[in-house]
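Note sheet for the following structure.
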Amino acid sequence: MNPIILITGSTSGIGKATAERFAKAGYDLILTGRRNDRLETLKKQLQDTYRNRVLTLCFDVRSQAEVEKNLGHLPNDWKNIAVLVNNAGLAVGLNSVQDGIVDDWERMMDTNVKGLLYVSRTIAPLMIQNGHGHIVNIGSIAGKQVYPNGAAYCASKHAVDAISQGLRMDLVTHGIRVTQVCPGAVETEFSVVRFKGDKDRADTVYKGFEPLTADDIADAIFYCVNLPKHVCINDLTIMPTAQASATVFHKNP
Ligand code: NDP
Ligand code: 8X3
């Protein structure tokens with residue numbers, strides 16, 4: 001049997017690249033997201049190329065009932081999950097708190113914080129039962145530092161940092177590893193989502209320097225997961241060479 005990886009938010013960006021990286025290495029995959037057409041296209045592509053088993057589950061991580069319905073009753077031959085990548089997440093808007101949009105805050109908190117908790121609450125007991133597992137949470141440089149107009153997103157990723165530390169403590173007696181991967185600027189659909197479909201504005205985020213790619217992050221996740229079992233990378237911050245902090249970039253004019 002191949003090892004099984006479950007990746008939330010695998011319809012684009014880091015999640016999709018991680019699916020491809022692990023498929024290539026012979027993992028069977030549970031792929032989730034809200035856009036079913038993309039899930040099915042990716043499933044076909046991975047099955048045709050690598051012949052792995054792929055299970056797609058279309059649901060919104062913000063709904064505890066949907067998480068439970070989709071992940072709480074996995075078929076027996078999908079229960080032995082070796083790796084969970086809590087990747088589904090987003091930023092919405094870039095506003096000061098005083099000009100903040102409450103719906104944007106709720107989307108970020110419900111997805112990045114509560115969704116991650118719901119999925120972990122469902123899968124960690126399975127890992128305990130199985131006697132092994134590795135949880136990789138996708139945090140952010142925004143979970144280590146704060147930048148202007150980003151208070152709500154940064155707070156959600158600081159929460160991921162706290163949850164990653166706590167989860168590691170809660171699972172240590174079960175030998176389950178917890179790694180937080182915290183990227184800087186990665187060129188994905190992230191900024192298009194943040195700017196609500198404004199592609200021109202999103203493009204400006206990555207202008208004048210070489211950003212990370214989703215494949216760079218997938219490689220880092222693969223590295224962490226494939227270390228010897230007694231080695232756990234607790235926390236990995238990974239930035240473009242041209243980025244020194246959440247706000248300091250070396251950009252060409
Ligand atoms: P993308 O927008 O390309 O991908 C986000 C993924 O999350 C999509 O597959 C999307 O799927 C899924 N998703 C979003 N909301 C939900 C939801 N409510 N339920 C289920 N799935 C959801 O962005 P990235 O790949 O860049 O983002 C992945 C993670 O990386 C996020 O947690 C983000 O915060 C983090 N990150 C990104 C950085 C960057 O610069 N790009 C830097 C640091 C961290 P669908 O829409 O189909 O549901
Ligand atoms: C995404 C990186 O700096 O835009 O988490 O918040 S940043």
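The values are calculated or read from the model by the stated rules, or taken from the named source; none is laboratory data. These numbers were taken from a predicted model, which means no experiment stands behind them. Methodologically, a virtual Cβ is constructed for each residue, glycine included, from the backbone with ideal geometry; neighbour enumeration extends over all protein chains shown.
Tally up the residues in the stretch 146-157 that are buried (at least 18 other Cβ atoms within 10 Å of the Cβ) and either modelled with pLDDT under 95 or under 12 Å from residue 246 (Cβ atoms) (or both), please. Total satisfying the criteria: 4.
For the stretch 172-208, filtered to residues that are within 30 Å of residue 129 (Cα to Cα) and part of a strand (DSSP E or B), the residue that is farthest from ligand 2 (Cβ to nearest atom) is 177. In the set (1) touching a strand residue (DSSP E or B) at 6+ places or on another chain (Cβ under 9 Å); (2) within 15 Å of ligand 2 (Cβ to nearest atom); (3) not hydroxyl-bearing (Ser, Thr, Tyr), residue 146 fails one condition alone, (1).
Output the helices (runs of 4 or more DSSP H) that fall wholly within the stretch 1-84 and possess 3 or more residues being surrounded by fewer than 16 Cβ atoms within 10 Å (Cβ to Cβ), or say none. Spell out how you get there, then give the answer.
Details: elements: 13-24, 36-50, 64-71.
Fully inside the stretch 1-84 and qualifying: 36-50, 64-71.
Quick check on this structure: which one of 183, 253 is surrounded by fewer than 19 Cβ atoms within 10 Å (Cβ to Cβ) and either more than 20 Å from residue 9 (Cβ to Cβ) or not aliphatic (A, V, I, L, M) (or both)?
Working: 183 fails: surrounded by fewer than 19 Cβ atoms within 10 Å (Cβ to Cβ).
Just one listed residue meets the conditions, 253.
For first residues located in the stretch 237-253 and within 23 Å of residue 136 (Cβ to Cβ), partners that are of a type in the set (Val, Ile, Thr) and at pLDDT 95 or above and lie 6+ apart or on another chain with Cβ distances below 7 Å form the pairs 237/141; 238/181; 238/217; 239/141; 246/141.
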